[in-house]
Amino acid sequence: MKRDSRLSSVLHALLHMAEHDGPMTSEALGLCLGTNPVVVRRTMGLLREAGLVAAARGHAGGWRISADLGQVNLRQLHEALGEPAIFAIGNRNETPDCLVERAVNAALDHAFHEAEALLLERFAEVSLADLAEDFARRHAERRAAQE
């Protein structure tokens, strides 16, 4: 089953952008993410609409983060991406005639809504600055281990 990796990809791209001096082109971000620059442009367009990134045209142009890393959280990014489904599982039939299946759907729907609310609440607590700090710590640990 294919999972939606857009949030992970966006976080990856944004952290590369945060570490890079100046704007990054769609081509450069595409190389970082192992994807096509067209995919990057489409995704960055969604983030631009949400006021999280900006684009500079011309020579030395590209994408840059336009918001403070400490003020941007995972929930905002999830929303900017159009709130993709959190879970890849669901009901067998959304409008069953069978009363047993209706009971199953009600129980599953309730559990999914509770789990999604909890996860989105946690997303709101994790900022891009938190992720950047974690990256910096891991990078420093790797350098120390190599020395």
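At a glance:
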item	result
Spacing of the two label points (7 Å from each Cα toward its C-beta) at ALA60 and THR95, in nm	5.9 nm
Length released on extending from ALA103 to ALA144, taking residue separation times 0.36 nm less the Cα-Cα span	9.1 nm
For ALA136, net neighbour charge (Lys/Arg +1, Asp/Glu -1) across residues whose Cβ lies under 14 Å away	-1
Solvent exposure ordering (accessible area, 1.4 Å, most first) of THR35, THR95, THR43	THR95, THR35, THR43
Accessible area (Å², per residue) of the stretch 90-147, counting only protein heavy atoms and a probe of 1.4 Å	77 Å²
Surface accessible to a 1.4 Å probe, HIS113 within the full protein complex, Å²	120 Å²
Label zone at ALA18 (point 7 Å along Cα-to-Cβ), backbone N below 16 Å, the stretch 62-94	64-78
Radius of gyration and Dmax over the Cα atoms of the stretch 23-125, both given in Å	19.2, 64
Positive minus negative residues near GLU101 (Lys, Arg vs Asp, Glu; Cβ under 13 Å)	-1
Helix-only mean residue ellipticity at 222 nm for the chain, each DSSP H run of n ≥ 4 adding -39500 (n - 2.57), per residue, nearest 500	-19000 deg cm²/dmol
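The values are calculated or read from the model by the stated rules, or taken from the named source; none is laboratory data. Values in this document were obtained by computation on a predicted structure and should not be read as measured data. Cβ sites come from the backbone with ideal geometry, for glycine too, and all protein chains shown count toward neighbours. Accessible surface is based on the protein model in full, side chains and every heavy atom, while ligands, DNA and RNA are left aside. Shrake-Rupley method; radii C 1.70, N 1.55, O 1.52, S 1.80 Å.
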